[in-house]
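The values are calculated or read from the model by the stated rules, or taken from the named source; none is laboratory data. Small disclaimer: the values here were computed from a predicted structure and weren't measured. Here the Cβ positions follow ideal geometry from the backbone for every residue, glycine too, while neighbour counts run over all protein chains shown.
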Amino acid sequence: LFQPTVQYSSRKHNGYETEDIALRTYHSTRIDTLSTSFSLSPYYSRRLNNGVRSDTFGGRMLANMKDGWQLQASYEYEHKDIGSIGNVERFNGELSKRFNLGRLTYRFSANNYGHGWESQQQSLRVDLWNWKAATV
């Protein structure tokens, strides 16, 4: 499956002007032998914010696997026409496992502002949707 889309938006508010154009595509497939479905969505965005232009390349990936496992990841590379900021990389990842009582999720995110992967964050989350069974 291949689904390209083009998006354009422009707005001006109190002298602040934003213009954004993006090209996104969506690809998906299923591997029956692994009982897994994959989707991939790469994109390119060109934005103008108050005279500062930025170009962003990125992508998102989602894999739904058997036994309730799910993997999500996204990566973005942004180049701005400002010398003090320069290039920015962003990564977000998530691994989750569904159970009868709920879901367990591990998340990781990091940013690279040109000095290495800084501002890393990790979290572990538990969602319970059958509270009666969980409090037996």
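If you check every pair at least six apart or on different chains, which have Cβ atoms under 6 Å apart with a residue in segment 115-136 that is within 20 Å of L95 (Cβ to Cβ) first and a residue that is at pLDDT below 85 second?
Sorted first by the residue in segment 115-136, then by its partner, the pairs are L128/A134.
Under the condition of being of a type in the set (F, W, Y) and in a strand (DSSP E or B), which residue from segment 1-42 is surrounded by the most Cβ atoms within 10 Å (Cβ to Cβ)?
Here is the first cut: in segment 1-42, the residues of a type in the set (F, W, Y) are 2, 8, 16, 26, 38.
Still in the running and in a strand (DSSP E or B): 2, 8, 16, 38.
On the way: F2: 7, Y8: 8, Y16: 9, F38: 16.
Looking at residues that are of a type in the set (F, W, Y) and in a strand (DSSP E or B), I get F38.
Which condition does I21 not pass, out of (1) modelled with pLDDT under 85; (2) farther than 28 Å from G68 by Cβ, if it passes all the others?
(1)
Tell me which residues, restricted to segment 49-67, are of a type in the set (S, T, Y) and closer than 18 Å to K12 by Cα.
Pass one, segment 49-67, residues of a type in the set (S, T, Y): 54, 56.
Once the filter is applied, which keeps residues that are of a type in the set (S, T, Y) and closer than 18 Å to K12 by Cα, segment 49-67 yields only S54.
In segment 66-88, which residue that is surrounded by 15 or more Cβ atoms within 10 Å (Cβ to Cβ) and at pLDDT below 95 is nearest to L40 (Cα to Cα)?
Checking each candidate, the answer is E78.
I want to confirm something. Restricting to segment 111-133 and keeping residues that are among the hydrophobic types (A, V, I, L, M, F, W, C) and within 25 Å of M65 (Cα to Cα), which single residue is modelled with the lowest pLDDT?
W129
Got a number for residues in segment 89-127 being within 24 Å of R47 (Cα to Cα) and of a type in the set (D, E, K, R)?
2
Among (1) of a type outside the set (K, R); (2) farther than 24 Å from G93 by Cα; (3) under 18 Å from the mean Cα position of the chain (by Cα), there is one condition E19 misses while meeting the rest; what is its number?
The single condition E19 does not satisfy is (3).
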